[in-house]
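The values are calculated or read from the model by the stated rules, or taken from the named source; none is laboratory data. The structure displayed is predicted, hence computed values, not measured ones. Cβ coordinates were reconstructed from backbone atoms using ideal geometry, including for glycine residues, and neighbour counts include every protein chain displayed.
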Amino acid sequence: MKISLFFVSFLVLLPLSLQDPIPKVKAPSRAHAELTSHGFPIGLLPLSVKDYYINKTSGDFSLLLHGTCKITLPPDNYLATYSDKVTGRITHGQIAELRGIRVRAFYQWWSITGIRSSGDNLVFEVGVVTAKYPSKNFDESLDCEGTRASS
Ligand SMILES: *[C@@H]1O[C@H](CO)[C@@H](O)[C@H](O)[C@H]1NC(C)=O
């Protein structure tokens with residue numbers, strides 16, 4: 001009797017223990033949810049998005065932020081700036097005709113013109129030049145710098 005009861009509770013509890021112990025990070029806004037539904041991590045956008053519009057047919061989107069935004073991207077600490085308006089066209093695994101995101105690297109500012117998802121990596125396009133980074137670097141959506149008291 002004792003044993004069978006133990007066995008039953010074991011079977012009942014087993015599915016719970018098999019669940020992912022780390023809850024999935026909830027997308028902070030519709031714009032972030034749009035990223036994940038197209039195969040991109042939410043960290044490509046700053047945390048706070050003011051307004052967002054997408055044409056579901058063409059994938060053309062425009063995104064309004066609360067002013068220009070500066071973020072230091074881990075792990076290499078590249079400085080990225082977002083204009084208060086970011087536009088582009090998103091389809092599964094691909095963001096094209098991107099405008100409004102610049103990254104500082106090699107002592108120069110580069111406008112990111114497109115982003116592709118390729119396996120576990122993101123391929124950033126600057127015109128015809130590309131740079132590849134692990135997608136997991138962008139799993140977290142960061143606050144714009146200067147919007148919160150920093151240590
Ligand atoms: C959305 O995109 C489609 C295809 O490019 C276009 O025909 C349509 O007019 C667009 N809708 C709006 C509201 O811009």
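For this structure, a couple of remarks:
- Checking every residue in the stretch 82-91 against the condition of being out of contact with any Pro (no Cβ under 6 Å at 6 or more places or on another chain) and assigned to a loop (DSSP other than H, G, I, E, B) gives zero matches.
- If the condition is being surrounded by 15 or more Cβ atoms within 10 Å (Cβ to Cβ), modelled with pLDDT of 95 or more and assigned to a loop (DSSP other than H, G, I, E, B), then the stretch 47-60 contributes only G59.
- Among the residues listed as L98, L63, the single one being in a strand (DSSP E or B) and within 16 Å of the ligand (Cβ to nearest atom): L63
- The sole residue among Y78, Y82 that is at pLDDT 90 or above, away from the ligand (no atom under 16 Å from the Cβ) and touching a Ser or Thr at 6+ places or on another chain (Cβ under 9 Å) is Y82.
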